1. Less than 9 Å Cβ to Cβ from GLY255, Lys/Arg counted +1 and Asp/Glu -1: what total charge do the surrounding residues give?
2. Quick query: amide H of HIS252 versus all other amide H atoms, modeled in the peptide plane; which residues come in under 5 Å with a sequence gap of 5 or more or a different chain?
3. Using a basic spin-label model with each label point 7 Å from the Cα along Cα→Cβ, how many nm lie between ILE84 and SER345?
4. Go through region 270-279 residue by residue and turn each phi into a ³J(HN,Hα) via Karplus (6.51, -1.76, 1.60, θ = phi - 60°); whole Hz please, and just put x for glycine and proline.
5. Could you pull out every residue, at least 5 positions away or on a different chain, whose amide H is within less than 5 Å of the one on THR108? Hs are placed 1.01 Å off N in the peptide plane, and Pro or chain starts have none.
6. Amide H neighbours of LEU352 under 5 Å, at least 5 residues apart or on other chains, H built in the peptide plane: list them.
7. Working with all protein chains in place, sort ASP229, ASP397 by solvent-accessible area computed with a 1.4 Å probe, largest first.
8. From the backbone phi of region 294-304, what are the Karplus-calculated ³J(HN,Hα) couplings (6.51 cos²θ - 1.76 cosθ + 1.60, θ = phi - 60°) in whole Hz, Gly and Pro given as x?
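The values are calculated or read from the model by the stated rules, or taken from the named source; none is laboratory data. All values reported here derive from a predicted model rather than from experimental measurement. Here the Cβ is made from the backbone with ideal geometry for all residues, glycine too, and neighbour counts use every protein chain on show. Only protein heavy atoms, including side chains, enter the accessible area calculation; ligands, DNA and RNA are left aside. Shrake-Rupley method; radii C 1.70, N 1.55, O 1.52, S 1.80 Å.
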Amino acid sequence: MIYAGIPIVLTFFLKIKKQTFGKRILAFLLTLALFLPLYALPYFVDGKKNTIAGKKLVEPFFAPTSIYRNTYGVLKKKIVKRSIPLAKRQKIEELFPFDLDEETKDFTFVLVIGESTRGDHLSINGYDRLTTPKLEKRTNLISYTNATSCSARTVFSVACLLSHLPMVEFSLPLKDTSAISVMKSLGFKTFFLSNHLHKGRSNCEEADVCFMHNEKNKVLEGGTANKFDLSLLELMAHTSGNFVGNKFIVLHTMGSHANYNNRVPDDRFRQFRPICDKASLYNCSTEELNNSYDNSILYVDEFLDQLFNKLDDEKAMVLFASDHGESLGEKGVYLHSKPNFLAPSAQRDIPLVFWGSKGVEFSEGLKQRMAQRVLSVPIDHDTIFHSILDCSGVSGDLVDQKQSVCN
């Protein structure tokens with residue numbers, strides 16, 4: 001009634017007469033001033049009330065702008081290609097030269113892509129709850145407290161962080177290959193192991209071993225629809241454990257994706273209570289929501305700790321970064337996926353953690369930063385492409401050492 005009734009009533013009583021150009025401009029500006037607050041209203045209302053059947057938040061559910069956005073989304077799916085086949089993507093290693101240091105032998109670089117994990121909810125970054133007790137005991141580690149994601153959407157951020165293109169230039173669908181194909185061309189055995197379903201826009205198929213979790217693609221026996229992230233470590237051992245040589249491994253976790261309570265396997269990781277155990281997180285209190293979310297980060301901490309344990313006797317490095325952050329009800333906003341110009345900082349605030357094993361020789365500068373352990377310098381997804389290559393001993397025209405965590 002607000003959006004339809006007012007314009008109808010005004011139109012009914014309006015007397016139409018010829019207007020000058022100046023009056024038309026004035027009328028346009030007055031219309032904007034009147035209706036823009038109504039268009040923006042859904043982004044500030046209580047998100048718990050903005051639901052359908054209590055299951056899914058639709059923002060903005062009742063705004064007229066949603067008509068245009070949803071129509072655009074439907075047309076885009078039908079008209080625009082969701083993905084360019086790998087065979088038709090330009091291989092960046094054929095466009096730009098890359099060289100591998102001769103000293104890089106039997107080396108493993110692991111990129112862990114988190115999901116919906118906020119950097120400000122890690123206790124190693126100063127959060128007032130002990131959510132990362134095991135990370136805090138680690139040496140040879142740097143945690144960046146001021147890291148930003150490429151986007152608040154998984155499908156965009158995952159492709160963006162692997163791309164050589166800076167965030168401001170990146171777009172979908174993928175037109176060229178990523179760091180995976182570069183590493184593969186330099187003799188690395190490449191693995192992309194994901195707890196997510198294949199959505200058709202992934203870099204997974206660039207890898208020698210591509211695994212996207214679903215019911216039809218079970219590498220391990222006893223797979224279930226809700227695979228916990230530690231199963232990826234078992235999968236990593238199963239697929240790459242016997243390989244000798246340089247390896248590049250991407251582990252795409254479920255991390256802290258809603259429903260948060262489903263991200264942890266048992267009560268060992270439900271230390272913060274009461275938890276949000278309702279079917280819809282919008283029916284939970286702020287306390288319950290934050291408790292369940294923080295419990296999921298306890299499991300992220302456990303996952304990274306076990307990964308480091310497996311690699312500590314090898315020559316290995318790990319870079320962990322979430323795809324995006326998460327809104328936890330601040331100003332009535334929940335979850336993620338808002339466009340960048342509307343996304344609250346919580347949806348793009350991410351953890352970014354770098355770790356190296358005992359078998360790696362670190363530069364003096366890197367040792368000093370590891371001694372600091374926590375750094376507040378601004379950093380973002382753009383660093384990941386350069387860090388993967390530079391830390392692995394790869395040089396080339398596209399590798400910017402200034403953007404690498406190793407330099």
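1. Working: positive: ARG263; negative: GLU115, ASP229, ASP323.
So the environment of GLY255 carries a net charge of -2.
2. ILE113, LEU193, SER194, ASN195
3. If labels sit at ILE84 and SER345, their model points lie 3.6 nm apart.
4. 10, 7, 9, 9, x, 9, 8, 10, 8, 4
5. LYS247, LYS315, ALA316, MET317
6. TYR144
7. The ranking, largest first, comes out as ASP397, ASP229.
8. Whole-Hz 3J(HN,Hα) from phi for region 294-304: 5, 4, 5, 6, 4, 6, 4, 4, 5, 4, 5.
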